[in-house]
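Student: I have a structure here, written as C-alpha cells, and I will follow up with some questions on it.
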Amino acid sequence: MIRLVSFAALAAAAAFVSPVAAQARGASYYTATPAAAPAAASYVTRNTIWSCSGGICTADKAADRADFVCQRIAKSVGKLESFTAGGAALDAEALAKCNAKAK
C-alpha cells in the first residue's frame, strides 16, 4: 500500500514538472511575435516545438542560444516584431540580425 501511494505521488510530481505540463501552465521560455499572423498553429524548428495562437508563438527552452532559436522561428514564420528568451527581450540590433533570416 505504501509503495502504491509513493508511486502515485511520484507520478503526480513528474506530471507537474514535465515540459507538456509546463506549456499547459503557460510557462514558455521563448515568445516570438511575428509581424504577420503565422500560417500554422505549430512549427518545429530543429529541436524546438512552437505553438502559435493569437499572433504569438511560444516554446519551451531549447539547448541552443536564443539568437539561433530566434533565427529559426523567423525563417519559419517571417519577420518578427519581438522575441524574448526567459523574459528578456532581444535588443534592436539582435532582433535585426534575427530578422535577416526571415522568410
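One line per residue, one yes/no per condition, for (1) surrounded by 10 or more Cβ atoms within 10 Å (Cβ to Cβ); (2) touching a helix residue (DSSP H, G or I) at 6+ places or on another chain (Cβ under 6 Å); (3) at pLDDT 95 or above:
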site	(1), (2), (3)
ALA9	yes, no, no
PRO34	yes, yes, yes
VAL77	yes, no, yes
ALA92	no, no, yes
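Student: I'd like to know if the stretch 11-27 contains one or more residues that are in contact with an Asp or Glu (Cβ under 9 Å, 6 or more places away or on another chain), at pLDDT 95 or above and not in a helix (DSSP H, G or I).
Tutor: No - not one qualifying residue is present in the stretch 11-27.
Student: Another question, if that's okay. Can you name the residue in the stretch 79-88 that is in contact with a strand residue (DSSP E or B) (Cβ under 7 Å, 6 or more places away or on another chain) and hydrophobic (A, V, I, L, M, F, W, C) and is also surrounded by the fewest Cβ atoms within 10 Å (Cβ to Cβ) among such residues?
Tutor: ALA85
One line per residue, one yes/no per condition, for (1) at pLDDT below 95; (2) part of a strand (DSSP E or B); (3) at positive phi:
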residue: THR58; (1), (2), (3): no, yes, no
residue: PHE68; (1), (2), (3): no, no, no
residue: GLN71; (1), (2), (3): no, no, no
residue: ALA74; (1), (2), (3): no, no, no
residue: SER82; (1), (2), (3): no, yes, no
residue: LEU95; (1), (2), (3): no, no, no
residue: LYS103; (1), (2), (3): yes, no, no
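The values are calculated or read from the model by the stated rules, or taken from the named source; none is laboratory data. As the structure is a computational prediction, the values presented were derived from the model and not from experiment. Backbone-built Cβ (ideal geometry, glycine too); neighbour counts: all protein chains shown.
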